[in-house]
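The values are calculated or read from the model by the stated rules, or taken from the named source; none is laboratory data. Since this is a predicted model, take the numbers as computed values, not measurements. Ideal geometry is used to build each Cβ from the backbone, glycine not excepted, and the neighbour counts take in all protein chains shown.
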């Protein structure tokens with residue numbers, strides 16, 4: 001009985017600490033123009049890359065375009081596919097020429113909330129992250145100049161860039177900004193590890209699941225809010 005009481009107290013305290021932490025560390029952005037799932041706050045949008053329908057549409061086209069890779073076989077969606085939870089459901093990801101990486105691909109879901117990108121946090125923004133795989137020798141195996149040159153050969157991209165940025169100029173920075181804009185719309189809410197009121201209620205309503213997630217099974221190491 002003592003162990004059960006202690007466990008219940010620990011679960012309650014953890015729920016309180018987590019709920020306070022979520023509120024304290026996040027400031028909602030007034031610049032996010034789209035509705036967000038219940039339980040989530042508006043993602044922060046960089047002042048130098050405001051969201052727009054035209055930029056998101058361009059980013060979506062680029063996200064699924066294999067021509068960003070050196071051999072026209074790999075796109076962002078190859079490793080982060082919407083039908084696979086915005087990842088590839090593989091132990092390690094596969095790049096051009098069947099090369100295997102050293103890590104699994106993290107999901108794009110709710111990546112708009114991450115302060116750091118990649119598993120090791122080496123990118124400080126979605127824009128910076130979007131550039132990395134393009135010139136990674138194992139992933140897309142291209143260069144930034146090569147990717148831009150390939151896009152310039154596609155007649156349809158000029159008008160899309162002009163609509164999104166005001167001119168038809170194609171640069172790697174604009175490519176990254178468009179992809180990042182699209183990724184900021186990939187949101188999901190009301191999960192156990194998101195900062196919603198329902199989450200806090202779930203923490204208290206499902207003590208066995210919480211115990212597994214945060215202690216015995218240690219799910220929270222990889223699946224954190």
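When you look at residue 78, is it in contact with a helix residue (DSSP H, G or I) (Cβ under 8 Å, 6 or more places away or on another chain) and over 23 Å from residue 185 (Cα atoms), yes or no?
no
Can you name the residue in the range 129-139 that is in a loop (DSSP other than H, G, I, E, B) and without any contact (Cβ under 8 Å) to a residue 60 or more places away in the chain and, of all such residues, is surrounded by the most Cβ atoms within 10 Å (Cβ to Cβ)?
138
At pLDDT below 95, surrounded by 16 or more Cβ atoms within 10 Å (Cβ to Cβ) and over 17 Å from the mean Cα position of the chain (by Cα): is that true of residue 192 in this structure?
The answer is yes for residue 192.
A quick yes/no check of all residues on (1) modelled with pLDDT of 95 or more; (2) over 30 Å from residue 40 (Cα atoms); (3) in contact with a helix residue (DSSP H, G or I) (Cβ under 8 Å, 6 or more places away or on another chain):
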{"position": "66", "(1), (2), (3)": "yes, yes, yes"}
{"position": "82", "(1), (2), (3)": "yes, no, no"}
{"position": "103", "(1), (2), (3)": "no, no, no"}
{"position": "106", "(1), (2), (3)": "no, no, no"}
{"position": "141", "(1), (2), (3)": "yes, yes, yes"}
{"position": "159", "(1), (2), (3)": "yes, yes, no"}
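So which residues in the range 76-111 are surrounded by 16 or more Cβ atoms within 10 Å (Cβ to Cβ), in a loop (DSSP other than H, G, I, E, B), under 17 Å from the mean Cα position of the chain (by Cα) and without any contact (Cβ under 8 Å) to a residue 60 or more places away in the chain, if there are any at all?
Hits for the range 76-111 are 80, 88, 93, 104, 105, 106, 107.
Let's see how each residue does on (1) under 24 Å from residue 31 (Cα atoms); (2) buried (at least 19 other Cβ atoms within 10 Å of the Cβ):
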{"residue": "117", "(1), (2)": "yes, yes"}
{"residue": "122", "(1), (2)": "no, no"}
{"residue": "127", "(1), (2)": "yes, yes"}
{"residue": "159", "(1), (2)": "no, no"}
{"residue": "184", "(1), (2)": "yes, yes"}
{"residue": "188", "(1), (2)": "yes, no"}
